[in-house]
Amino acid sequence: MKYLSRSKYIIAVLLFSAVMFSLISLVNHYQFRTYCLDLGLYNKIAYDYAHFKVNDFQVFAEFGDKPTPCLADHFDLYLMIFSPLVYVFGTYTLLIVQILALLLGCLGMYKLISLYTENKLYSTLAALSFSLFFGVVHAAAYDYHSNVVIASVLPWFMYCFKKKSYAWSTFLLFFMFIGKENAALFVLFVVAGLAWDHRKDRKSLIYLAVYAVCCLVYSYIILSIVMPSLNTTGEYRGFARYAQWGDSFGSMFVYLISHPLETIAAFFDHPNKVEFFVCLLLSGGIICFAKPNYLIMLIPLAAQKMLANDLYFWGIEFQYNVEMAPVLVAGVFIILSGWKKQKIAGIAAVASTALLILVSVYTTTNHTYCGIRKEQVRLFSHKHYTNDNIPVREAYKMIEAIPDTASVGTAMPLLPHVSLREHVYLINHYYEEHLADYLFLLKTDVKDFDAVLENYSIVSNKDNLYLLKKR
(Lines give C-alpha, C1' and ligand atoms only; values in the text may rest on other atoms or scores of the structure.)
Protein backbone atom coordinates (compact mmCIF):
# COMPACT_ATOMS: atom_id res chain seq x y z
CA MET A 1 0.00 0.00 0.00
CA LYS A 2 2.91 2.33 0.70
CA TYR A 3 4.29 1.66 -2.79
CA LEU A 4 0.87 2.22 -4.36
CA SER A 5 0.50 5.47 -2.43
CA ARG A 6 3.85 6.73 -3.74
CA SER A 7 3.08 5.62 -7.30
CA LYS A 8 -0.63 6.35 -7.54
CA TYR A 9 -0.24 8.97 -10.27
CA ILE A 10 1.76 6.83 -12.69
CA ILE A 11 -0.53 3.87 -11.97
CA ALA A 12 -3.50 6.06 -12.91
CA VAL A 13 -1.76 7.13 -16.13
CA LEU A 14 -0.91 3.51 -17.00
CA LEU A 15 -4.49 2.35 -16.38
CA PHE A 16 -5.86 5.19 -18.47
CA SER A 17 -3.38 4.43 -21.27
CA ALA A 18 -4.13 0.70 -21.18
CA VAL A 19 -7.85 1.34 -21.58
CA MET A 20 -7.29 3.91 -24.34
CA PHE A 21 -4.90 1.76 -26.38
CA SER A 22 -7.14 -1.28 -25.99
CA LEU A 23 -10.25 0.62 -27.07
CA ILE A 24 -8.38 1.86 -30.12
CA SER A 25 -6.36 -1.15 -31.21
CA LEU A 26 -8.30 -4.22 -30.06
CA VAL A 27 -11.68 -2.77 -31.04
CA ASN A 28 -10.36 -1.93 -34.50
CA HIS A 29 -9.24 -5.51 -34.97
CA TYR A 30 -12.53 -6.94 -33.71
CA GLN A 31 -14.41 -4.64 -36.08
CA PHE A 32 -12.29 -5.71 -39.10
CA ARG A 33 -10.41 -2.43 -39.37
CA THR A 34 -6.99 -4.03 -39.46
CA TYR A 35 -5.57 -4.98 -42.82
CA CYS A 36 -3.39 -7.31 -44.80
CA LEU A 37 -0.87 -4.49 -44.79
CA ASP A 38 0.37 -4.60 -42.20
CA LEU A 39 -1.15 -6.74 -39.44
CA GLY A 40 -2.20 -9.61 -41.70
CA LEU A 41 1.26 -9.92 -43.20
CA TYR A 42 3.01 -9.65 -39.83
CA ASN A 43 0.66 -12.24 -38.34
CA LYS A 44 1.56 -14.61 -41.17
CA ILE A 45 5.27 -13.93 -40.68
CA ALA A 46 4.96 -14.63 -36.93
CA TYR A 47 2.98 -17.81 -37.67
CA ASP A 48 5.70 -19.03 -40.03
CA TYR A 49 8.44 -18.26 -37.49
CA ALA A 50 6.47 -20.13 -34.84
CA HIS A 51 6.54 -23.15 -37.18
CA PHE A 52 10.27 -22.72 -37.91
CA LYS A 53 9.74 -21.37 -41.42
CA VAL A 54 10.80 -18.13 -43.07
CA ASN A 55 7.97 -16.17 -44.67
CA ASP A 56 8.47 -15.50 -48.39
CA PHE A 57 5.67 -13.03 -49.15
CA GLN A 58 3.54 -15.57 -51.02
CA VAL A 59 0.54 -13.61 -49.74
CA PHE A 60 1.19 -11.19 -52.60
CA ALA A 61 1.17 -11.94 -56.30
CA GLU A 62 4.09 -9.69 -57.17
CA PHE A 63 6.38 -12.00 -55.18
CA GLY A 64 4.71 -15.17 -56.40
CA ASP A 65 7.27 -16.22 -59.00
CA LYS A 66 10.33 -15.29 -56.96
CA PRO A 67 9.95 -16.09 -53.26
CA THR A 68 11.62 -13.37 -51.18
CA PRO A 69 12.47 -13.75 -47.47
CA CYS A 70 10.56 -11.22 -45.40
CA LEU A 71 13.83 -9.96 -43.93
CA ALA A 72 14.67 -8.52 -47.35
CA ASP A 73 11.80 -6.08 -46.92
CA HIS A 74 12.20 -5.18 -43.22
CA PHE A 75 15.04 -6.58 -41.14
CA ASP A 76 12.78 -7.09 -38.13
CA LEU A 77 13.81 -9.75 -35.62
CA TYR A 78 11.15 -8.80 -33.07
CA LEU A 79 8.62 -10.97 -34.90
CA MET A 80 10.84 -13.99 -34.26
CA ILE A 81 10.91 -13.18 -30.54
CA PHE A 82 7.15 -12.61 -30.28
CA SER A 83 6.09 -15.45 -32.60
CA PRO A 84 5.50 -18.16 -29.92
CA LEU A 85 2.77 -15.95 -28.44
CA VAL A 86 0.50 -16.64 -31.44
CA TYR A 87 -0.30 -19.98 -29.80
CA VAL A 88 -1.77 -18.05 -26.86
CA PHE A 89 -3.27 -14.85 -28.22
CA GLY A 90 -3.99 -15.78 -31.84
CA THR A 91 -4.49 -12.94 -34.30
CA TYR A 92 -4.48 -10.40 -31.44
CA THR A 93 -0.91 -11.30 -30.45
CA LEU A 94 1.02 -8.43 -32.01
CA LEU A 95 -1.59 -5.88 -30.99
CA ILE A 96 -1.30 -6.99 -27.36
CA VAL A 97 2.49 -6.85 -27.61
CA GLN A 98 2.26 -3.33 -29.02
CA ILE A 99 -0.04 -2.16 -26.22
CA LEU A 100 2.25 -3.63 -23.54
CA ALA A 101 5.25 -1.99 -25.22
CA LEU A 102 3.54 1.41 -25.18
CA LEU A 103 2.71 1.01 -21.50
CA LEU A 104 6.35 0.17 -20.78
CA GLY A 105 7.38 3.21 -22.78
CA CYS A 106 5.01 5.34 -20.73
CA LEU A 107 6.54 3.99 -17.51
CA GLY A 108 10.05 4.48 -18.92
CA MET A 109 9.30 8.13 -19.61
CA TYR A 110 8.09 8.56 -16.03
CA LYS A 111 11.28 6.96 -14.68
CA LEU A 112 13.51 9.01 -16.99
CA ILE A 113 12.10 12.39 -15.97
CA SER A 114 12.21 11.31 -12.31
CA LEU A 115 16.01 11.29 -12.64
CA TYR A 116 15.97 15.00 -13.47
CA THR A 117 13.48 16.22 -10.89
CA GLU A 118 11.70 15.07 -7.74
CA ASN A 119 8.59 16.93 -8.84
CA LYS A 120 6.04 14.18 -9.57
CA LEU A 121 4.04 16.61 -11.70
CA TYR A 122 6.71 16.63 -14.40
CA SER A 123 7.14 12.86 -14.40
CA THR A 124 3.40 12.22 -14.51
CA LEU A 125 2.75 14.76 -17.26
CA ALA A 126 5.66 13.34 -19.25
CA ALA A 127 4.18 9.83 -19.06
CA LEU A 128 0.75 11.15 -20.04
CA SER A 129 2.23 13.16 -22.92
CA PHE A 130 3.97 10.07 -24.26
CA SER A 131 0.69 8.15 -24.38
CA LEU A 132 -1.31 11.01 -25.91
CA PHE A 133 1.28 12.18 -28.47
CA PHE A 134 -0.43 12.18 -31.87
CA GLY A 135 2.18 9.86 -33.37
CA VAL A 136 1.52 7.28 -30.67
CA VAL A 137 -2.27 7.48 -30.98
CA HIS A 138 -2.19 7.02 -34.75
CA ALA A 139 0.31 4.18 -34.53
CA ALA A 140 -2.00 2.36 -32.10
CA ALA A 141 -4.90 2.93 -34.50
CA TYR A 142 -3.15 1.37 -37.47
CA ASP A 143 -2.27 -2.31 -37.05
CA TYR A 144 1.08 -3.38 -35.53
CA HIS A 145 4.57 -2.03 -36.28
CA SER A 146 7.88 -2.85 -34.64
CA ASN A 147 9.01 0.78 -34.64
CA VAL A 148 6.38 1.30 -31.92
CA VAL A 149 8.37 -1.13 -29.77
CA ILE A 150 11.58 0.71 -30.63
CA ALA A 151 10.02 4.02 -29.58
CA SER A 152 8.92 2.44 -26.30
CA VAL A 153 12.40 1.11 -25.56
CA LEU A 154 14.10 4.47 -26.17
CA PRO A 155 13.09 6.10 -22.82
CA TRP A 156 14.53 3.09 -21.00
CA PHE A 157 17.77 3.37 -22.98
CA MET A 158 18.04 7.05 -22.02
CA TYR A 159 17.14 6.20 -18.41
CA CYS A 160 19.79 3.48 -18.09
CA PHE A 161 22.43 5.66 -19.72
CA LYS A 162 21.62 8.58 -17.42
CA LYS A 163 22.01 6.22 -14.42
CA LYS A 164 25.33 5.00 -15.89
CA SER A 165 23.97 1.46 -16.14
CA TYR A 166 26.05 0.96 -19.25
CA ALA A 167 25.51 -2.79 -19.51
CA TRP A 168 21.74 -2.28 -19.69
CA SER A 169 21.97 0.69 -22.05
CA THR A 170 24.21 -1.35 -24.37
CA PHE A 171 21.74 -4.23 -24.34
CA LEU A 172 18.84 -1.87 -25.10
CA LEU A 173 20.85 -0.22 -27.87
CA PHE A 174 21.20 -3.49 -29.75
CA PHE A 175 17.64 -4.47 -28.91
CA MET A 176 16.48 -1.34 -30.75
CA PHE A 177 18.76 -2.20 -33.68
CA ILE A 178 17.06 -5.53 -34.36
CA GLY A 179 13.58 -3.99 -34.57
CA LYS A 180 14.01 -2.48 -38.01
CA GLU A 181 16.75 -1.95 -40.56
CA ASN A 182 16.76 1.85 -40.18
CA ALA A 183 16.65 1.89 -36.36
CA ALA A 184 20.42 2.18 -36.01
CA LEU A 185 20.49 5.35 -38.15
CA PHE A 186 17.85 6.91 -35.92
CA VAL A 187 19.68 5.84 -32.76
CA LEU A 188 22.89 7.33 -34.20
CA PHE A 189 21.31 10.79 -34.04
CA VAL A 190 19.93 10.07 -30.57
CA VAL A 191 23.44 9.20 -29.45
CA ALA A 192 24.76 12.40 -31.04
CA GLY A 193 22.13 14.44 -29.21
CA LEU A 194 22.88 12.80 -25.88
CA ALA A 195 26.57 13.66 -26.30
CA TRP A 196 25.72 17.31 -25.63
CA ASP A 197 23.90 16.50 -22.39
CA HIS A 198 26.82 14.34 -21.21
CA ARG A 199 29.62 16.51 -22.62
CA LYS A 200 31.25 16.93 -19.18
CA ASP A 201 31.31 13.19 -18.45
CA ARG A 202 34.33 11.61 -20.15
CA LYS A 203 33.26 8.00 -19.54
CA SER A 204 29.79 8.62 -20.94
CA LEU A 205 31.26 10.29 -24.02
CA ILE A 206 33.46 7.27 -24.65
CA TYR A 207 30.44 4.98 -24.49
CA LEU A 208 28.48 7.27 -26.80
CA ALA A 209 31.36 7.29 -29.29
CA VAL A 210 31.41 3.48 -29.27
CA TYR A 211 27.64 3.44 -29.68
CA ALA A 212 27.92 5.77 -32.69
CA VAL A 213 30.43 3.46 -34.34
CA CYS A 214 28.16 0.48 -33.66
CA CYS A 215 25.25 2.34 -35.26
CA LEU A 216 27.24 3.05 -38.42
CA VAL A 217 28.69 -0.45 -38.70
CA TYR A 218 25.35 -2.17 -38.08
CA SER A 219 23.56 0.07 -40.59
CA TYR A 220 26.16 -0.60 -43.27
CA ILE A 221 26.14 -4.36 -42.75
CA ILE A 222 22.33 -4.68 -42.75
CA LEU A 223 21.44 -2.12 -45.45
CA SER A 224 24.35 -2.65 -47.84
CA ILE A 225 25.19 -6.34 -47.43
CA VAL A 226 22.60 -8.47 -45.66
CA MET A 227 19.31 -7.16 -47.06
CA PRO A 228 20.49 -6.86 -50.69
CA SER A 229 21.81 -10.43 -50.51
CA LEU A 230 18.41 -11.65 -49.32
CA ASN A 231 16.54 -9.85 -52.10
CA THR A 232 16.15 -11.68 -55.41
CA THR A 233 17.27 -8.55 -57.29
CA GLY A 234 20.39 -8.09 -55.17
CA GLU A 235 19.30 -4.56 -54.20
CA TYR A 236 17.97 -2.88 -51.09
CA ARG A 237 14.21 -2.58 -51.65
CA GLY A 238 13.88 0.54 -49.52
CA PHE A 239 15.50 2.71 -52.20
CA ALA A 240 12.31 2.57 -54.28
CA ARG A 241 10.71 5.32 -52.19
CA TYR A 242 13.72 7.60 -52.66
CA ALA A 243 14.60 6.82 -56.28
CA GLN A 244 14.34 10.49 -57.28
CA TRP A 245 17.42 11.30 -55.15
CA GLY A 246 19.72 8.47 -56.27
CA ASP A 247 20.13 4.72 -56.41
CA SER A 248 22.46 4.28 -53.42
CA PHE A 249 23.16 5.86 -50.07
CA GLY A 250 26.25 7.54 -51.44
CA SER A 251 24.58 9.04 -54.50
CA MET A 252 21.61 10.21 -52.43
CA PHE A 253 23.87 11.91 -49.89
CA VAL A 254 25.93 13.64 -52.57
CA TYR A 255 22.84 14.89 -54.42
CA LEU A 256 21.10 16.18 -51.31
CA ILE A 257 24.06 18.13 -49.97
CA SER A 258 24.92 19.52 -53.41
CA HIS A 259 21.34 20.79 -53.90
CA PRO A 260 20.60 22.35 -50.48
CA LEU A 261 17.73 24.60 -51.60
CA GLU A 262 15.97 21.71 -53.34
CA THR A 263 16.48 19.52 -50.29
CA ILE A 264 15.07 22.12 -47.89
CA ALA A 265 12.12 22.79 -50.21
CA ALA A 266 11.31 19.06 -50.26
CA PHE A 267 10.51 19.25 -46.54
CA PHE A 268 7.73 21.81 -47.02
CA ASP A 269 6.39 21.42 -50.58
CA HIS A 270 3.03 19.85 -49.68
CA PRO A 271 0.21 20.88 -47.30
CA ASN A 272 0.47 17.54 -45.47
CA LYS A 273 4.14 18.24 -44.72
CA VAL A 274 3.42 21.74 -43.43
CA GLU A 275 0.59 20.43 -41.26
CA PHE A 276 2.88 17.78 -39.79
CA PHE A 277 5.54 20.30 -38.80
CA VAL A 278 2.94 22.59 -37.23
CA CYS A 279 1.62 19.68 -35.16
CA LEU A 280 5.17 18.75 -34.20
CA LEU A 281 6.01 22.27 -33.04
CA LEU A 282 2.82 22.54 -31.01
CA SER A 283 3.47 19.13 -29.43
CA GLY A 284 6.69 20.28 -27.77
CA GLY A 285 8.94 21.20 -30.66
CA ILE A 286 8.87 24.90 -29.74
CA ILE A 287 10.22 24.25 -26.23
CA CYS A 288 12.90 21.94 -27.62
CA PHE A 289 14.45 24.89 -29.45
CA ALA A 290 15.88 25.74 -26.03
CA LYS A 291 18.01 22.57 -26.35
CA PRO A 292 18.26 21.87 -30.10
CA ASN A 293 20.12 18.61 -29.52
CA TYR A 294 16.69 17.00 -29.06
CA LEU A 295 15.59 18.37 -32.43
CA ILE A 296 18.78 17.00 -33.99
CA MET A 297 17.64 13.54 -32.91
CA LEU A 298 14.61 13.94 -35.20
CA ILE A 299 16.60 14.65 -38.39
CA PRO A 300 16.61 11.07 -39.78
CA LEU A 301 12.92 10.62 -38.95
CA ALA A 302 11.96 13.86 -40.70
CA ALA A 303 14.17 13.04 -43.71
CA GLN A 304 12.73 9.54 -43.96
CA LYS A 305 9.25 11.06 -44.10
CA MET A 306 9.64 14.14 -46.25
CA LEU A 307 12.14 12.91 -48.83
CA ALA A 308 10.04 9.87 -49.71
CA ASN A 309 7.96 9.88 -52.89
CA ASP A 310 5.03 8.36 -51.06
CA LEU A 311 2.17 10.66 -50.00
CA TYR A 312 1.32 8.43 -47.03
CA PHE A 313 4.70 9.14 -45.43
CA TRP A 314 4.29 12.92 -45.25
CA GLY A 315 1.40 13.58 -42.92
CA ILE A 316 0.30 12.92 -39.37
CA GLU A 317 -1.21 9.48 -39.97
CA PHE A 318 0.00 5.91 -39.61
CA GLN A 319 3.05 4.75 -37.64
CA TYR A 320 5.65 7.06 -39.17
CA ASN A 321 5.71 9.56 -36.28
CA VAL A 322 5.80 7.31 -33.24
CA GLU A 323 9.59 7.50 -32.68
CA MET A 324 9.29 11.26 -32.31
CA ALA A 325 7.22 10.90 -29.14
CA PRO A 326 9.98 9.82 -26.72
CA VAL A 327 12.44 12.36 -28.12
CA LEU A 328 10.14 15.39 -27.96
CA VAL A 329 8.48 14.51 -24.66
CA ALA A 330 11.80 13.76 -22.98
CA GLY A 331 13.29 16.96 -24.39
CA VAL A 332 10.41 19.15 -23.16
CA PHE A 333 10.40 17.89 -19.58
CA ILE A 334 14.18 17.67 -19.24
CA ILE A 335 14.35 21.31 -20.34
CA LEU A 336 11.57 22.42 -17.99
CA SER A 337 13.07 20.55 -15.02
CA GLY A 338 16.21 22.66 -15.45
CA TRP A 339 14.47 26.03 -15.34
CA LYS A 340 15.34 28.10 -12.27
CA LYS A 341 11.85 29.54 -11.85
CA GLN A 342 10.02 26.31 -11.14
CA LYS A 343 6.62 27.94 -10.73
CA ILE A 344 6.79 29.21 -14.30
CA ALA A 345 8.21 25.86 -15.41
CA GLY A 346 5.26 24.04 -13.81
CA ILE A 347 2.79 26.25 -15.64
CA ALA A 348 4.70 25.64 -18.87
CA ALA A 349 4.61 21.87 -18.25
CA VAL A 350 0.84 21.87 -17.81
CA ALA A 351 0.35 24.17 -20.81
CA SER A 352 2.64 22.06 -23.01
CA THR A 353 0.75 18.87 -22.08
CA ALA A 354 -2.61 20.55 -22.72
CA LEU A 355 -1.43 21.79 -26.12
CA LEU A 356 -0.10 18.34 -27.01
CA ILE A 357 -3.49 16.84 -26.15
CA LEU A 358 -5.29 19.45 -28.25
CA VAL A 359 -3.09 18.56 -31.21
CA SER A 360 -3.98 14.89 -30.80
CA VAL A 361 -7.66 15.80 -30.59
CA TYR A 362 -7.30 17.82 -33.79
CA THR A 363 -5.60 14.98 -35.64
CA THR A 364 -8.35 12.55 -34.63
CA THR A 365 -11.41 14.74 -35.16
CA ASN A 366 -10.97 17.60 -37.61
CA HIS A 367 -8.52 16.22 -40.11
CA THR A 368 -9.27 14.71 -43.51
CA TYR A 369 -7.10 11.64 -43.71
CA CYS A 370 -5.35 10.38 -46.79
CA GLY A 371 -5.27 6.83 -45.51
CA ILE A 372 -6.64 6.03 -42.04
CA ARG A 373 -10.42 5.88 -41.81
CA LYS A 374 -11.72 8.40 -39.29
CA GLU A 375 -13.53 5.82 -37.19
CA GLN A 376 -10.20 4.06 -36.50
CA VAL A 377 -9.03 6.84 -34.19
CA ARG A 378 -12.30 8.34 -32.94
CA LEU A 379 -12.78 6.10 -29.93
CA PHE A 380 -15.59 8.33 -28.57
CA SER A 381 -17.61 7.89 -31.75
CA HIS A 382 -20.33 5.26 -32.06
CA LYS A 383 -18.95 4.33 -35.49
CA HIS A 384 -15.71 3.18 -33.87
CA TYR A 385 -17.59 0.27 -32.30
CA THR A 386 -19.51 -0.78 -35.42
CA ASN A 387 -18.73 -1.62 -39.03
CA ASP A 388 -21.15 -0.59 -41.76
CA ASN A 389 -19.24 -2.45 -44.49
CA ILE A 390 -18.83 -5.88 -42.91
CA PRO A 391 -21.43 -7.83 -40.86
CA VAL A 392 -19.13 -8.60 -37.95
CA ARG A 393 -21.00 -11.41 -36.18
CA GLU A 394 -21.64 -13.31 -39.41
CA ALA A 395 -18.00 -12.84 -40.40
CA TYR A 396 -16.80 -14.62 -37.27
CA LYS A 397 -19.24 -17.47 -37.88
CA MET A 398 -17.82 -17.86 -41.38
CA ILE A 399 -14.27 -17.89 -40.01
CA GLU A 400 -15.21 -20.69 -37.60
CA ALA A 401 -16.47 -22.70 -40.58
CA ILE A 402 -13.05 -22.63 -42.28
CA PRO A 403 -10.81 -25.60 -41.33
CA ASP A 404 -7.47 -24.61 -39.83
CA THR A 405 -5.61 -26.62 -42.45
CA ALA A 406 -7.44 -25.15 -45.45
CA SER A 407 -5.84 -22.62 -47.78
CA VAL A 408 -7.76 -19.34 -47.93
CA GLY A 409 -7.97 -16.52 -50.41
CA THR A 410 -9.34 -13.42 -48.76
CA ALA A 411 -9.71 -9.64 -48.86
CA MET A 412 -7.51 -6.90 -47.37
CA PRO A 413 -9.54 -6.25 -44.15
CA LEU A 414 -10.36 -9.93 -43.63
CA LEU A 415 -6.89 -11.41 -44.01
CA PRO A 416 -5.58 -10.59 -40.48
CA HIS A 417 -8.31 -12.81 -39.00
CA VAL A 418 -7.42 -15.89 -41.10
CA SER A 419 -3.67 -15.29 -41.34
CA LEU A 420 -2.53 -17.95 -38.88
CA ARG A 421 -2.41 -20.83 -41.35
CA GLU A 422 0.06 -22.33 -43.80
CA HIS A 423 -1.49 -20.86 -46.95
CA VAL A 424 -3.37 -17.57 -47.10
CA TYR A 425 -3.55 -15.28 -50.12
CA LEU A 426 -4.74 -11.79 -50.89
CA ILE A 427 -7.72 -12.55 -53.10
CA ASN A 428 -7.43 -9.79 -55.68
CA HIS A 429 -4.05 -11.24 -56.58
CA TYR A 430 -4.34 -14.94 -56.01
CA TYR A 431 -7.71 -16.61 -56.31
CA GLU A 432 -7.38 -17.41 -60.03
CA GLU A 433 -3.81 -18.71 -59.89
CA HIS A 434 -4.04 -20.83 -56.76
CA LEU A 435 -7.70 -21.78 -56.46
CA ALA A 436 -7.53 -21.79 -52.66
CA ASP A 437 -9.71 -24.27 -50.74
CA TYR A 438 -11.88 -21.41 -49.47
CA LEU A 439 -12.54 -17.84 -50.51
CA PHE A 440 -13.54 -15.40 -47.79
CA LEU A 441 -14.33 -12.25 -49.69
CA LEU A 442 -16.23 -9.03 -50.21
CA LYS A 443 -18.17 -9.32 -53.44
CA THR A 444 -17.41 -5.74 -54.42
CA ASP A 445 -13.67 -6.52 -54.38
CA VAL A 446 -14.04 -9.02 -57.24
CA LYS A 447 -14.44 -7.79 -60.80
CA ASP A 448 -16.21 -10.88 -62.15
CA PHE A 449 -18.00 -12.67 -59.33
CA ASP A 450 -19.80 -15.04 -61.71
CA ALA A 451 -16.44 -16.27 -63.00
CA VAL A 452 -15.41 -17.06 -59.43
CA LEU A 453 -18.56 -19.16 -58.96
CA GLU A 454 -17.48 -21.42 -61.81
CA ASN A 455 -14.92 -22.92 -59.43
CA TYR A 456 -16.55 -22.27 -56.07
CA SER A 457 -19.87 -22.89 -54.36
CA ILE A 458 -21.41 -20.57 -51.79
CA VAL A 459 -21.15 -21.85 -48.21
CA SER A 460 -22.76 -18.78 -46.63
CA ASN A 461 -23.17 -15.10 -47.27
CA LYS A 462 -24.47 -11.96 -45.64
CA ASP A 463 -24.86 -8.73 -47.58
CA ASN A 464 -21.55 -8.14 -49.37
CA LEU A 465 -19.64 -10.84 -47.43
CA TYR A 466 -19.26 -14.35 -48.88
CA LEU A 467 -17.63 -17.61 -47.85
CA LEU A 468 -17.00 -19.89 -50.84
CA LYS A 469 -15.66 -23.42 -51.04
CA LYS A 470 -13.77 -24.89 -53.98
CA ARG A 471 -15.90 -27.34 -55.94
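The values are calculated or read from the model by the stated rules, or taken from the named source; none is laboratory data. As the structure is a computational prediction, the values presented were derived from the model and not from experiment. Here the Cβ positions follow ideal geometry from the backbone for every residue, glycine too, while neighbour counts run over all protein chains shown. Quick note on the areas: whole protein, heavy atoms, side chains included, nothing else; ligands and nucleic acids left out. Shrake-Rupley method; radii C 1.70, N 1.55, O 1.52, S 1.80 Å.
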> Which is farthest toward the positive dipole end of the chain among 224, 347, 57, measuring Cα position about the Cα centre, with Cβ charges +1 (Lys, Arg) and -1 (Asp, Glu)?
Replying inline: 347
>> Nothing charged except the Cβ atoms of Lys and Arg (+1) and of Asp and Glu (-1): what's the magnitude of the dipole of the chain about its Cα centre? Round to the nearest 20 debye.
In response: 2540 debye
> Of 400, 422, 118, which has the most accessible area with a 1.4 Å probe, and how do the rest follow in descending order?
Replying inline: 118, 400, 422
> By what distance, in whole Å, do the Cα atoms of segment 314-465 stretch along each of the three principal axes, largest value first?
Replying inline: 77, 31, 28
>> Taking 0.36 nm per residue of sequence separation and subtracting the Cα-Cα distance, how much length would be gained by fully extending the chain between residue 115 and residue 462, in nm to one decimal?
In response: 119.2 nm
> Counting only heavy atoms of protein chains, what accessible area per residue, in Å², does the chain have with a probe of 1.4 Å?
Replying inline: 44 Å²
> Which residues in segment 108-140 have a backbone N closer than 12 Å to a point placed 7 Å from the Cα of residue 15 along the Cα-to-Cβ line?
Replying inline: none
>> At 1.002 mPa s and 20 °C, plugging the Kirkwood radius over alpha-carbon pairs of segment 299-397 into Stokes-Einstein gives what diffusion coefficient in µm²/s?
In response: 128 µm²/s
> Mind listing the Cα extents of segment 251-338 along all three principal axes, in Å, largest one first?
Replying inline: 42, 27, 18
> If one computes the Cα centroid of segment 323-369 and of segment 51-125, what distance in Å separates the two points?
Replying inline: 26 Å
> Which three extents, in whole angstrom, do the alpha-carbon atoms of segment 22-179 cover along their principal axes, largest first?
Replying inline: 59, 37, 27
> Which sequence of 424, 27 reflects their accessible areas, 1.4 Å probe, from the largest down?
Replying inline: 27, 424
>> Just to be sure I understand the model, the point goes 7 Å from the Cα along the line to the Cβ. What's the resulting residue 290 to residue 104 distance in nm?
In response: 3.2 nm
>> Between residue 8 and residue 244, what is the label-point separation in nm under the 7 Å Cα-to-beta-carbon projection?
In response: 5.6 nm
> What FRET efficiency do you get for residue 233 and residue 210 if R0 is 41 Å and r is their Cβ-Cβ distance, rounded to the nearest 0.05?
Replying inline: 0.75
> Quick one, which of (i) 80, 45, 42; (ii) 77, 53, 42; (iii) 58, 55, 37 is the actual Cα extents along the principal axes in Å calculated for this model?
Replying inline: (ii)
> Going by average Cβ neighbours within 10 Å, how do the peptides 167-174, 442-449 rank, with the highest at the top?
Replying inline: 167-174, 442-449
> In the chain, what percent of the accessible surface is made up of carbon and sulfur (1.4 Å probe, ligands and nucleic acids excluded)?
Replying inline: 64 percent
> Taking N as the number of residues in segment 266-307, what is its alpha-carbon radius of gyration divided by 2.2 N^0.38 Å?
Replying inline: 1.15
> In nm, what is the difference between 0.36 nm times the number of residues separating residue 396 and residue 350 and their Cα-Cα distance?
Replying inline: 12.1 nm
